1. Kindly indicate whether residue 89 is without any contact (Cβ under 8 Å) to a residue 40 or more places away in the chain and open to solvent by less than 30 Å² (accessible area, probe 1.4 Å).
2. Of all residues in the range 163-178, which are under 12 Å from residue 134 (Cα atoms) and aliphatic (A, V, I, L, M)?
3. Taking helices (runs of 4 or more DSSP H) that fall entirely within the range 1-109, which contain at least 2 residues that are among the aliphatic types (A, V, I, L, M)?
4. Please count how many residues of the range 28-55 are touching an Asp or Glu at 6+ places or on another chain (Cβ under 7 Å) and within 23 Å of residue 81 (Cα to Cα).
5. So for the range 59-66 (the condition being over 27 Å from residue 29 (Cα atoms), among the aromatic types (Phe, Trp, Tyr) and either touching a helix residue (DSSP H, G or I) at 6+ places or on another chain (Cβ under 9 Å) or free of Cβ contacts under 8 Å to residues at least 60 places away in the same chain (or both)), does at least one residue qualify?
6. Is it the case, given these coordinates, that residue 27 is open to solvent by 60 Å² or more (accessible area, probe 1.4 Å) and over 18 Å from residue 95 (Cβ atoms)?
7. For the range 1-18, which positions are modelled with pLDDT under 95, surrounded by fewer than 14 Cβ atoms within 10 Å (Cβ to Cβ) and under 15 Å from residue 48 (Cα atoms)?
Amino acid sequence: MAETVGTETAVVEVMAELAALEDPKARAVNEKHGDDHGVNLGKLRALAKRLKTQQELACRLWETDDTAARLLAILICRPKAFGQDELDAMLRGARTPKVHDWLVNYVVKKNPHHEELRVVWSADPDPVVASAGWALTTERVAKKPEGLDLAGLLDTIEARMKDAPERLQWAMNHCLAQIGIEHPEYRARAIDIGERLEVLKDYPTSPGCTSPFAPVWITEMVSRQQGA
């Protein structure tokens, strides 16, 4: 009981601290990307570093449904402590792009159920959920491709990426580029698919940054690897 009371007190204190960190300018920038919070991410990470890992507090912060609190929860949780069903529910309840991305990259990828979730999410009819499955697939393409049907993935990308909703399209495009970068035997096909579909071909790219257009992305990264 004492621990529960302590956690509840901590939640109140942390929420107050997050409220104090609220910056209207940061919120305006974040809202352009669909994220409804105004906390500078550097300050959020500093707060997480001070709090250290606290799984119970992380779970309670997640339950608030507040975006800044959920981002903080992701930073102080124990990724391996969640069950498969918990992570599935958390992903489906992640309302904003940043929470979704951090949950996948900082928690799910480190969880022992990541492969089962990859398979389930990739086949989900919800494009945002499916995009998480593709993000996990892209991770496997780069780090553990054994057992993946790379040719089959390219078939799916070729058939579906052009008309996919934005979040899913980005995730599939990243997978396409990763296959081309990491697997020379599929490079020509990956570049050809990208050139024919023209997904993100005209996406504005800042000076010094690599275009997300797959043929350019693949060519640039391979050139860097060969020049290293």
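1. Values: without any contact (Cβ under 8 Å) to a residue 40 or more places away in the chain: yes; open to solvent by less than 30 Å² (accessible area, probe 1.4 Å): no.
No, not satisfied.
2. Result: 168, 171, 172, 176.
3. Details: elements: 2-20, 24-32, 41-51, 55-63, 67-76, 84-92, 97-102.
The helices (runs of 4 or more DSSP H) meeting that bar are 2-20, 24-32, 41-51, 55-63, 67-76, 84-92.
4. Residues meeting the conditions: 1.
5. No, because not a single residue in the range 59-66 is over 27 Å from residue 29 (Cα atoms), among the aromatic types (Phe, Trp, Tyr) and either touching a helix residue (DSSP H, G or I) at 6+ places or on another chain (Cβ under 9 Å) or free of Cβ contacts under 8 Å to residues at least 60 places away in the same chain (or both).
6. Numbers: open to solvent by 60 Å² or more (accessible area, probe 1.4 Å): yes; over 18 Å from residue 95 (Cβ atoms): no.
It is false that residue 27 is open to solvent by 60 Å² or more (accessible area, probe 1.4 Å) and over 18 Å from residue 95 (Cβ atoms).
7. First, pick out the residues of the range 1-18 that are modelled with pLDDT under 95: 1-10.
Next, from what is left, pick out any that are surrounded by fewer than 14 Cβ atoms within 10 Å (Cβ to Cβ): 1-6, 8-9.
Within the range 1-18, none qualify.
Residue by residue, here is whether (1) touching a helix residue (DSSP H, G or I) at 6+ places or on another chain (Cβ under 6 Å); (2) under 27 Å from residue 31 (Cβ atoms); (3) β-branched (Val, Ile, Thr) holds:
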position: 99; (1), (2), (3): yes, yes, yes
position: 102; (1), (2), (3): yes, yes, no
position: 108; (1), (2), (3): yes, yes, yes
position: 114; (1), (2), (3): yes, no, no
position: 122; (1), (2), (3): yes, no, no
position: 126; (1), (2), (3): no, yes, no
position: 136; (1), (2), (3): yes, no, no
position: 143; (1), (2), (3): no, no, no
position: 151; (1), (2), (3): no, no, no
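The values are calculated or read from the model by the stated rules, or taken from the named source; none is laboratory data. The structure displayed is predicted, hence computed values, not measured ones. Don't worry about glycine lacking a Cβ; one is built from the backbone with ideal geometry, like all the others, and counts go over all protein chains shown. Quick note on the areas: whole protein, heavy atoms, side chains included, nothing else; ligands and nucleic acids left out. Shrake-Rupley method; radii C 1.70, N 1.55, O 1.52, S 1.80 Å.
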